[in-house]
Amino acid sequence: LGVITKVALAVPAAPSSVGVAWLACDDFGAVRRTLRLARTHLGEVLSAIEFLDLPARDAALRAQPDLSDPVEGGSFRVLVEVAGSDAAHDDEKLNRFLEASAEAGAVLDGVVAASTTKARELWRVREGVSDAMSNAGFVFKYDVSLPP
């Protein structure tokens, strides 16, 4: 039996800089190339990378008619989020990644959220997939972790 007399929490500071890109990829191979390029070019500022196919995107958009997809083409969408403490540095890394992805043919089209509101809208599309599919009678998840 013991008595807790003190608790210390180590909580990292929230990032002061967050950027979100929404990308169109032609096929799953392009999604995988985009993931590899993100790891290579974004390194320490890469905070999230998610993908969805067009039927999943369409279900999410039907369930949330106030949202739309700002890019065209491709069979998949990839959401990339960067977060750090230096906006200029983080934006430069994101831009280099986007250029490399386009040059490699991994990404057909893409946008970077111009505001926090736009970034939240892109996340709402991605996060709306699970509810939309469940409401349609389908239950499946894309939650997969891949080793580096």
Based on Cβ point charges of +1 for Lys and Arg and -1 for Asp and Glu, what charge dipole magnitude is obtained for the chain about its Cα centre, in debye rounded to the nearest 20?
480 debye
Radius ratio Rg over Rh of the stretch 25-89, counting only Cα atoms, Kirkwood formula for Rh
1.04
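How much of the calculated P(r) for the stretch 1-53 lies past 18 Å, in percent of all Cα pairs? Let's see the in-between values first.
Details: 738 of 1378 pairs.
That fraction is 54 percent.
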Got a sec to turn the phi values of the stretch 85-98 into Karplus ³J(HN,Hα) couplings, 6.51 cos²θ - 1.76 cosθ + 1.60 with θ = phi - 60°, whole Hz, x for Gly and Pro?
10, 10, 4, 5, 5, 5, 5, 4, 5, 4, 5, 5, 4, 5
On the formula 1/(1 + (r/R0)^6), with r taken between the Cβ atoms of residue 27 and residue 114 and R0 of 25 Å, the FRET efficiency rounded to 0.05 is 0.35
If you average 1/r over every pair of different alpha-carbon atoms in the chain and take one over that average, what Kirkwood value in Å do you get?
16.6 Å
Where labels lie 7 Å past Cα in the beta-carbon direction, separation of residue 54 and residue 103 in nm:
2.9 nm
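Arranged from highest to lowest average of other beta-carbon atoms within 10 Å per residue, in what order do the peptides 108-114, 62-68 appear? Please list the in-between numbers first.
On the way: 108-114: 16.6, 62-68: 12.1.
For the peptides 108-114, 62-68, the packing ranking is 108-114, 62-68.
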Taking the simple approach of a point 7 Å from Cα along Cα-to-Cβ for both residue 95 and residue 10, what is their distance in nm?
3.5 nm
Work out from phi, with θ = phi - 60° and the Karplus expression 6.51 cos²θ - 1.76 cosθ + 1.60, the ³J(HN,Hα) of each residue of the stretch 6-22, listed in order in whole Hz, and give x for Gly and Pro.
7, 10, 10, 10, 9, 10, x, 5, 5, x, 8, 10, 9, x, 10, 10, 10
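How large is the accessible surface per residue of the chain, computed with a 1.4 Å probe and reported in Å² as a whole number? Intermediate results must be reported in sequence, preceding the final value.
Details: 9070 Å² over 148 residues.
I get 61 Å² per residue for this part.
The values are calculated or read from the model by the stated rules, or taken from the named source; none is laboratory data. Quick caveat, the model's predicted, so the values are computed rather than measured. Neighbour counts are summed over all protein chains in view; Cβ atoms, including those assigned to glycine, are modelled from backbone coordinates with ideal geometry. Heavy atoms of the whole protein, side chains included, go into the accessibility calculation; ligands, DNA and RNA do not. Shrake-Rupley method; radii C 1.70, N 1.55, O 1.52, S 1.80 Å.
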